[in-house]
Structure formats: C-alpha cells, structure tokens
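Notes follow the structure.
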Amino acid sequence: MIKKILLLLLCAAPLSMMAQKFGRFDYQAVVQALPDYKTAMDELQAIAQNYENDFADMQREYQTKLEKFRTEVNDKTPENIRQRREQELVDMQQKLQQAYEDNSKALQDEQQRKMQPILLKVQEAVSAVAKEGNYIYIIDKTAAQGSGIFINESLTDDVTNLVMKKLGISATTTTAGN
C-alpha cells in the first residue's frame, strides 16, 4: 500500500510541476501609468524648483559679497577687517554647502514619502493578481534584465495589463497571458 502511494506521488509530482504558472510584468510602465505617480512627480518637481531657486539666491548673495570683497579689500585694509570679511565668506560657503545637503536630503525624504504609498499599491495589485491567477512568481521584467536574470517569455505570462486593471488603469501596453 505504501509503495502504491509513493508511486502515485512520484507520478503526480511532474504533473503538478507542469501546472505551475510564472508571470512577468513591466513595473516601470505600471508605476508611470498611475495618476498618483504623475501627481507625485509634479509635486516633487515643484519642490525641487523651489530648492533650486532658494539655492540660486544664496549663490548670488555669496557672489555679490565675494565681488565686493575683491574690490574693497586691498593692501591698505586693516588686518582685522580683512579677516572678518574673509570669515564672512567662509561662513557663507559653509551655509551654501549645508543648504545644498539639507535640500538634497529633504527632497530625497519627500520623494520617499510620496512614492512609498504608490509602490505599496503596485505591490498589493501584483500580489492580488498572483493569488487570483495562481502564479508561483511574478517578476518585474525590467529589473530582471538589469540583474542578470533571464526570463523565458514563452514560458511566462505577461500580467502587466492584469496589474494595471487591478489598479484601475487602462491597460494599453501589452497583452496578458502571452
């Protein structure tokens, strides 16, 4: 009896392997098709522009003080005044550097804050498609290419449109089930 059960399991194993489904999708196309993504990118661009304008104003102020220093300070300028003005320029340079670093970090933090819910939404949609379609794996085909992973597209289903549909986006990029 045990031998018959083992034989049955061994025979059934290859059949269950054949029934496994693998999917691929275009992560970038899905994310970029989301209206939330477009809104987030517009907002991030506006924030970045504000930072750039503020930084440009600071650079102009520094440049003006530097020019003034070059024209007003000469060999006849008392040493204590020269040192004070040089220190002002050094302080401004440090402020510029700090502003640049602060702005870069703030923009990066804002980008992460805005993108996190979008990426989570895509992950949830992919997970739902995987469960509904009984997929073992669904792989981002763009990321796979950059990582050295080869996807045999003839043995996997393109589920990009299914993910888009799950997100309420009109699917126009590819045909699911290829």
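The values are calculated or read from the model by the stated rules, or taken from the named source; none is laboratory data. Keep in mind that what you see is a predicted model, and the values were worked out from it rather than measured. Please note: Cβ atoms are built from the backbone with ideal geometry, for glycine as well, and neighbour counts cover all protein chains shown. The accessibility values were calculated without ligands, DNA or RNA, using every heavy atom of the protein model including side chains. Shrake-Rupley method; radii C 1.70, N 1.55, O 1.52, S 1.80 Å.
Quick rundown of the values:
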{"item": "Tally of residues being under 15 Å from VAL30 (Cβ atoms) and in contact with a Lys or Arg (Cβ under 8 Å, 6 or more places away or on another chain) across the range 92-125", "result": "1"}
{"item": "Test result for LYS114, in contact with a Ser or Thr (Cβ under 9 Å, 6 or more places away or on another chain) and closer than 17 Å to THR39 by Cα", "result": "yes"}
{"item": "Subset tally (residues that are of a type in the set (A, V, I, L, M, F, W, C), within 15 Å of ASP26 (Cα to Cα) and outside any strand (DSSP E or B)) for the range 126-150", "result": "7"}
{"item": "Sole residue being in a loop (DSSP other than H, G, I, E, B), polar (S, T, N, Q) and either closer than 30 Å to GLN123 by Cβ or open to solvent by less than 40 Å² (accessible area, probe 1.4 Å) (or both), chosen from THR77, THR39", "result": "THR77"}
{"item": "Among residues of the range 24-53, those that are over 21 Å from GLY146 (Cα atoms) and touching a Lys or Arg at 6+ places or on another chain (Cβ under 6 Å), counted", "result": "1"}
{"item": "Pairs with Cβ under 6 Å, 6+ apart, first in the range 149-170 and modelled with pLDDT under 90, second crowded, with 20+ Cβ neighbours inside 10 Å and assigned to a helix (DSSP H, G or I)", "result": "ILE151/LYS141"}
{"item": "Search result, residues across the range 110-141 that are open to solvent by less than 70 Å² (accessible area, probe 1.4 Å) and under 19 Å from MET41 (Cα atoms)", "result": "GLU110, LYS114, MET115, ILE118, LEU119, VAL122"}
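Residue-by-condition table, conditions (1) under 27 Å from ALA33 (Cβ atoms); (2) touching a strand residue (DSSP E or B) at 6+ places or on another chain (Cβ under 9 Å):
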| residue | (1), (2) |
| --- | --- |
| THR71 | no, no |
| LEU119 | yes, no |
| VAL129 | yes, yes |
| TYR137 | yes, yes |
| VAL159 | yes, yes |
